[in-house]
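The structure appears right after this line, and notes come after that.
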Amino acid sequence: MAVLLIAEDEKDMQNIIVDFMKQGGHSCILANDGVEALSILENNTVDLIILDIMMPQLDGFSVCKFARHICDVPLIFLTAKSEENEKLKGYEYGADAFFTKPFRPKILLAKATARLRHT
């Protein structure tokens, strides 16, 4: 069972992601904003990160940059931002995948599971 950090500020979206990840046999630690996500990363071992970009207090790009300094786990951006330059910035900062909302939860689970197999 993998431990996933889900950094998402929208509760309904959190619930959808967590429900599907748990169906895939994973456990989830939730962060409601970027600062909480950093605290979780500093104090817990996680196997994969699912990260929103637009979050309160600290955006997902900043969290991604910090995460890449302390761990090398797969990182998937899940965001409403769909512009090409946002995606390129995400990959430049170290993302392994980029999903745009609305998304298909089964595909997100499949991608997360595939990334975990390769680590």
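Here, each number is a calculation from the coordinates, and none is a lab measurement. The structure presented is a predicted model; accordingly, all values stated were derived computationally and were not measured. Because the Cβ atoms are built from the backbone with ideal geometry, glycine has one as well, and the counts that use them run over all protein chains shown.
Worth a mention:
- Values of log10 I(q)/I(0) for the chain across q = 0.12, 0.16, 0.19, 0.23 Å⁻¹ run -0.35, -0.65, -0.96, -1.53, by the Debye formula with one identical scatterer at each alpha carbon and no solvent.
- Taking the stretch 1-118 and dividing mean pair separation by its residue count, relative contact order in percent (alpha carbons under 8 Å, at least six apart): 25 percent
- Long-range amide H partners of LEU75 with built H, under 5 Å: ILE49, ASP96, ALA97
- Fully extended contour minus Cα-Cα distance, from PHE103 to ASP12, at 0.36 nm per residue: 31.4 nm
- Two-decimal Rg to Rh for the stretch 46-89 - Kirkwood Rh, Cα set: 0.95
- Using only side-chain charges placed at the Cβ, +1 for Lys and Arg and -1 for Asp and Glu, the dipole size of the chain relative to its Cα centre rounds to 500 debye.
- Set of lysines with alpha-carbon distance to LYS65 below 25 Å, sequence-local pairs under 8 removed: LYS11, LYS81, LYS87, LYS89, LYS101, LYS111
- Cα-projected label distance for ASP72 with ASP19, points at 7 Å along beta-carbon direction, nm: 3.7 nm
- The Kirkwood radius of the stretch 59-119, taken over pairs of alpha-carbon atoms, gives through the Stokes-Einstein law at 25 °C and 0.890 mPa s a diffusion coefficient of 204 µm² s⁻¹.
- FRET efficiency, 1/(1 + (r/R0)^6) with R0 35 Å, evaluated for HIS118 and VAL35 via beta carbons: 0.75
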